[in-house]
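Derivation of every value follows stated rules applied to the coordinates shown; laboratory data play no part. Since the structure is predicted, the reported quantities are computational estimates derived from the model, not experimental observations. FYI the Cβ positions are ideal-geometry reconstructions off the backbone, even for glycines, and counts take in every protein chain you see.
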Amino acid sequence: MTGPKSIISTLQRHGALWPLVALGLIWLVIIIVNPGFFAFTIQDGRVFGGVIDIFNRGAPVALIAIGMSLVIATGGIDLSVGAVMAIAGAVAANLIVGTDLPAPLIILAGLGAGLAAGLLNGTLVAGFGIQPIVATLILLVAGRGVAQLLNDGQIITFQNEAFAFVGVGTLLGLPMPVWLVLFVLAAMLLITRRTALGLFVEAVGANASASHYAGVPVRAIKLTVYAIAGLCAALAGLVATADIQGADANNVGLWIELDAILAVVIGGTSLMGGRYSLVLAVVGALIIQSLNTAVVLSGIPPKFNLVIKSAVIVAVLMLQSPVAQAQLASLRRRFTA
Amino acid sequence: MTAATSLLSLRGVRKEFPGVVALDDVDFEVRPGEVHALLGENGAGKSTLIKVLTGVYPRDGGEMSLGGETLSPQSVGEAQAAGISTVYQEVNLLPNLSVAQNLLLGREPRRFGLTDWKQMNAKARETLKRFRLDIDVTRPLGAFSVAIQQLVAIARGVDQRAKILVLDEPTASLDASEVEVLFDILRDLRTAGLGVVFVTHFLDQVYALSDRITVLRNGRKIGTFETAELPRPKLVEHMLGYELQGTASSHASRGTVTEGNDAALEMDSACVSGSVQEISLAAQSGEAIGLAGLLGSGRTEVCRALFGLDTLSSGRIRRNGRDVHITSPRGAIAKGIALCPEDRKANGIVGELSVRENIALALQARRGWWRPIPAREKRAMAEKAITDFKIATPDADKPVRLLSGGNQQKVILARWLAIAPDVLLLDEPTRGIDVGAHAEILRLIHQLCERGMALIVTSSELEELVAFSHRVIVLRDFRQIAMIEGEDITEDAVLQAIAS
Amino acid sequence: MIPARHAPVLVTAGLFAALFILGALQYDGFGTLRVFLNLFTDNAFLAVTAIGMTFVILSGGIDLSVGAVIAFTGVLTAVLIQAGWPLWLVFPLVLVIGGTFGAGMGCLIHFYRLQPFIVTLAGMFLMRGLAVVVSERSVPIEHSVYDAVNAAGVMLPGRAFISAQAIMLVIVLAGALILAHYRRFGTYVYAMGGNAESARLMAVPVARTTIGIYALSSFLAALAGIMFSFYTSSGYALAAVGLELDAIAAVVIGGTLLTGGYGYVIGTLVGVMLMGLVQTYIAFNGSLNSWWTKIVIGVLVLIFVCLQRIRIPTRAATGSARE
């Protein structure tokens, strides 16, 4: 019973149909304008190809989207992820330049900075009851300042092959960022499904009051998801920093919060909270990156990128809005009647 | 022609919400110069009727006319412009605006197109004089007591030069002298030919003020009566849908309960500031305590206090004879107390999640994060609950919001039974539930008692309350006014205690 | 006696005075009228944007698109002027575009019940994108009126200068104060921020007001874009990046509650001035770096937001009846 129909209905039940259709359409456009894009070549033990490229470039957004999914699922939002990337990058770069610590410890230190930032956000949201937009806005404003302070206003460049491996290394033929996305995705799937975290996150997002009545530790859950988002952002920051072998506090992760939120929303998670999908958030990140690539390849000047992206956001939001759905339904009735 | 005698007339008004008929073919008529009390228990349809009347909800059927002209308000503004002014129960105007701004919002006096603050404040002071309120009208409304806010809300409604004034529970936060002031004003308005629709749960006030009474129950109109010709017990009968028998109806034997042991749950002169006062009750294992009383008597608040949603300001709660300090639902659950809340949608079900997840939620919360219930066990739990409770759902994966009210209630019951609590609080467990599920839930209550659980159940349906309670505690105005035990528990006895 | 609701503004004004005195004691030339007036000139476009943002936040919303609107307006103005369009046509045109854009966002927010932050985020993308489409490069403006206006102003003793920018700011401020406190629109804005449901039940025209609020914010951002084009004599698509955050910060530091309902337009001006003074202080200091500005502003916002949380629950508790 695994005919095409049942596959489609399974995908549809998981909300995966439309994101995958969208990704397929974009890839179709890419194939039409550039038939060679999906060819793979192997060179120096590394696989090259357009798809790999999309995965690789989309990695930071995908990493952040994973953390953002959980935050949005609880009905929250994290606007500070770009700033946290900058902080984590600055911490790592300064430790590389200033100390002889081995790369794993440096990575841990960068992740630690992200965790601290996430806990700050979580405390403001869960402890003080501040709206998530506002609470994370504070770090969005101040975070880049902190990163610049650490960097003393410079772009800190470094030479450290072990650390750079995180951004540009190759493992079993695939770029390291791709592995990191797969690893984080697998780890988070494991954590959310093998503990009660996934259930609690969805319960809190769908109805925080009822969850409280049922004995779910609502505040602890909220704190946890912001901490995870901080960790994911920090990892993305380390990847971006290792990629350019330098910490640029001003530009690393600029506006990435928007891409990450968009990825989560395209993946079908409602901004109101509740059901979420980590896999589809990653698919959403791939859609965004594919869109960027498609715009470039199809000869549209890259300057139209933002306009197209904003049109996509508005379209997706409208389609998800119950009001628009009701309007569409009544239109359909009028035409079929 | 009814237009000659009636100011406001509703014919066959109908309003549906997904899955619920909130108003079913309701007629309602208000004459000029009368105070018309609109009565009914929670869920009777009073609020919906008012919201249809005042343009908050569009109606799904029926006719409305005001002063002979057809009325179909699409918004609150339109209803107001037509002459219907409303003081809503749950809305305390805007605490951040000044008293004067609240009174005159949308009708501010202007000079050269700009708000004339001086004239506005003077006008506001003038209006409040009628209410014998001498307060600083320039201060934000939120700075004043709830009673004053309520009076300001009423003053705003009265001040709109309305033909019909709708007051939804206007006296809930007023003291006796403030109520008198309000009633004097309402009597003046009545003399001036205004029609007043008055919703309240204070029966004394109904008799003190109203000319006629309309009773709603379950979205239907039970009848309209001249207040002077309707004795109070008769009114309560209409509201609760039960008729005094005049004879003590006997009931199925109530299994004997071993006395002398420490009660499974005991409340000793418990007070919550701004809520229940001096409540004492004790539930033995295997015993069901019924909490009776009209809407707003404090039934729900007793449950809230026991479940740690409100903290006691004095008095104590004991479990098996030991003092316990309960400050949160988690704490209550840890001590073996569970609550099926009155508002199922807001506080009970997690609508987006599946039946299975909803059933597993409380058990999982108690087990903690690190010990997830294995998928197979979860499935088995859900399947068992679906069979045991006859939950009507195609499968355990269906989002619980798509189930009917009765089945949602069964899911919540199943959720709690999964953690096998010693004490179960049921706040209106059968409200808004179809007949079949109703019987099912009552059967379950009996079973739970037999299994040795202590139950505390609130209900506005006397018949069921009498059927399962080993003891009935009657509440009014957040205080305990009667306790009825054993063979004395009859519908007549409870009704008389409520109406006394 | 000072009403408690004025306290946040007074705290900010007090901080301003304290920092001004501290700077004056530490550095020559700090405690002068010139420095004070330069705050108005250098922050005029930010202040105008923040005044629009004040209305949005008072109503319980947020507008993340204003920085992008400034950039788009600046670029479009520059390109049109360089293409030879007359100023009397260019300025009204860009202002109308700004206002219409905001009204569109307001429609999405009201009629489709979308969250303001995501709608205005999309609006930010769109405006930034359109700005890039108009011109990727910085476009210089060469126009005699620009030179004249930038030179215009009132010179006071001590090289203190009241610039055209400052005068424009004062005009906008006066208009905003009238709108907030002497027009029904202002009362409706406060009403919606106080309790949207109550406001609806009290017959506040919610649709009209919501659309008006976002139209106003975008209109003022477009005006700020024109002012910015005077200030820099150019238009650049990547100008004013992150300005929306500065504007929100100024509103919060100025004592407006981020959940809406409480606050004053005048407080926002004080907030902008305090932020400008922090920047000036750091510039005078020399040893502190400019990024301290961001950190200080972040910390100020943090403190104000936390203070608001502590102050408000008590009021909310007395303000609502229990069932």
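If the only charges are +1 at each Lys and Arg Cβ and -1 at each Asp and Glu Cβ, what is the size of the charge dipole of the stretch A:43-320 around the Cα centre, to the nearest 20 debye?
Dipole about the Cα centre, nearest 20: 660 debye.
Under a point-charge model restricted to the Cβ atoms of Lys and Arg (+1) and Asp and Glu (-1), what is the dipole moment magnitude of chain C relative to its Cα centre, in debye to the nearest 20?
800
Taking amide H positions as placed 1.01 Å from N in the peptide plane, with prolines and chain starts having none, which residues 5 or more places from B:Arg217, or on another chain, fall under 5 Å of its amide H?
B:Ile222
Highest GNM mean-square fluctuation, chain A, Cα pairs closer than 10 Å: which of A:Ala294, A:Ala186, A:Ala59?
Per the Cα network of chain A with a 10 Å cutoff, A:Ala186 tops the list.
Would you work out which of B:Ile185, B:Leu240, B:Val152 lies farthest towards the positive end of the dipole of chain B, given +1 charges on the beta-carbon of Lys and Arg and -1 on that of Asp and Glu, about the Cα centre?
B:Val152
Which residues among the stretch A:224-264 fall inside the zone where the amide N is under 20 Å from a point 7 Å beyond the Cα of C:Gln115, along Cα→Cβ?
Answer for this model: A:224-233, A:255-264.
I need the trypsin sites (Lys or Arg not before Pro) found in the stretch C:89-143, filtered to DSSP loop residues with at most 14 other beta carbons within 10 Å of theirs.
C:Arg113, C:Arg137
Could you state the number of Å between the C-alpha centres of the stretch A:228-258 and the stretch B:1-78?
About 60 Å separates the Cα centre of the stretch B:1-78 from the one of the stretch A:228-258.
Just from the alpha-carbon atoms, what are the Rg and Dmax of chain A in angstroms?
In Å, with Rg to one decimal and Dmax whole: 20.6, 75.
Which loop-located chymotrypsin sites (Phe, Trp or Tyr not before Pro) does the stretch B:65-119 contain, where loop means any DSSP state but H, G, I, E or B and the Cβ has at most 12 other Cβ atoms within 10 Å?
Answer in residue order: B:Phe112.
Arrange the peptides C:23-32, B:201-210 so that the one whose residues have, on average, the most other Cβ atoms within 10 Å appears first.
B:201-210, C:23-32
I need to check one value: relative contact order of chain A, counting alpha carbon pairs closer than 8 Å and at least 6 residues apart, in percent.
Relative contact order here is 32 percent.
Across peptide B:73-79, what mean number of C-beta atoms from other chains lies inside 10 Å of a residue's C-beta?
Across B:73-79, the average partner-chain Cβ count within 10 Å equals 3.
Please sort A:271-283, C:187-199, A:155-167 by packing, taking for each peptide the average over its residues of neighbouring beta carbons within 10 angstrom, highest first.
The densest-packed peptide leads the list: C:187-199, A:271-283, A:155-167.
Given a cut-off of under 8 Å on Cα pairs at least six residues apart, what relative contact order in percent is computed for chain B?
In percent, rounded to a whole number, it is 15.
Before rounding to the nearest 500, sum -39500 (n - 2.57) across all DSSP H runs of length at least 4 in chain A and divide by the residue total; then give [θ] at 222 nm in deg cm²/dmol.
Theoretical 222 nm ellipticity from helices: -23500 deg cm²/dmol.
Tell me the trypsin sites (Lys or Arg not before Pro) within the stretch B:344-415 that lie in a loop according to DSSP and have at most 16 other beta-carbon atoms within 10 Å.
In loop regions of the stretch B:344-415 (DSSP not H, G, I, E or B), the sparsely surrounded trypsin sites (Lys or Arg not before Pro) are B:Lys390.
Between the stretch C:96-166 and the stretch A:81-109, what is the separation of their alpha carbon centroids in Å?
So the two Cα centres are separated by 38 Å.
Over the alpha-carbon set of the stretch C:125-255, divide Rg by the Kirkwood Rh and report the Rg/Rh ratio to two decimals.
Rg divided by Rh gives 1.05.
I'd like the per residue volume of the convex hull spanned by the Cα atoms of the stretch B:265-499, given in cubic angstrom.
Taking the convex hull of the Cα positions in the stretch B:265-499, it is 117 Å³ per residue.
Specify whether the C-alpha gyration tensor of the stretch B:2-240 places it in the rounded, prolate or oblate class, a ≥ b ≥ c being the square roots of the eigenvalues: rounded for a/c under 1.5, otherwise prolate if a/b is larger than b/c and oblate if not.
Cα axes put the stretch B:2-240 in the prolate bin.
Which of the peptides B:215-227, B:274-286 is most tightly packed, and how do the rest follow, judged by the mean count of other Cβ atoms within 10 Å per residue?
Sorting B:215-227, B:274-286 by mean packing, highest first, produces B:274-286, B:215-227.
Just to be sure I understand: of the beta bridges DSSP finds with both ends in chain B, what percent are antiparallel, rounded to 5?
Taking every DSSP beta bridge within chain B, about 55 percent pair in antiparallel fashion.
Can you give the Rg to Rh ratio for chain B, taking only C-alpha atoms and Rh from Kirkwood?
1.00
Relative to 2.2 N^0.38 Å, what does the C-alpha radius of gyration of chain C come to as a ratio? Two decimals please.
1.01
Ignore the peptide's own chain and count Cβ atoms of other chains within 10 Å of each Cβ in C:192-201; give me the average, rounded.
Mean shielding count: 6.
Just for the Cα atoms in the stretch B:80-209, what are the lengths along the principal axes, largest first, rounded to whole Å?
Result for the stretch B:80-209: principal-axis Cα extents of 49, 32, 23 Å.
Test of understanding: what is the full-extension gain from A:Ala39 to A:Ser209, defined as 0.36 nm times their sequence separation minus their Cα-Cα distance?
56.0 nm
In nm, to one decimal, how far is the B:Thr224 label point from the C:Ser233 one, both placed 7 Å along Cα→Cβ?
8.0
How far apart, in nm, are the 7 Å Cα→Cβ label points at B:Phe183 and C:Val170?
About 6.1 nm separates the two model spin labels.
Hey, got the average number of other protein chain Cβ atoms within 10 angstrom for residues in B:141-147?
4
Only Cα pairs under 8 Å and at least 6 apart count here; give the relative contact order of the stretch C:4-313 as a rounded whole percent.
About 35 percent, as a whole number.
With each label point set 7 Å from Cα along the Cα-Cβ vector, what nm distance links C:Phe284 and C:Trp85?
4.2
Please identify the DSSP H helices in chain C that span no less than 20 Å along the helix axis (Cα) and have a mean Kyte-Doolittle hydropathy of -1.0 or more.
In chain C, the long hydrophobic H runs are C:7-26, C:44-58, C:66-82, C:87-111, C:116-134, C:164-182, C:206-232, C:265-285, C:291-319.
Between C:Gln26 and C:His181, what's the calculated FRET efficiency when r is the beta-carbon distance and R0 is 45 Å? Round to 0.05.
For R0 = 45 Å, the calculated efficiency reads 0.75.
Could you calculate, for the protein assembly as shown, the ratio of the Cα radius of gyration to the Kirkwood radius, expressed as Rg to Rh?
My calculation of the ratio gives 0.99.
How big is the antiparallel share of DSSP beta bridges in the protein assembly as shown, given as a percent to the nearest 5?
60
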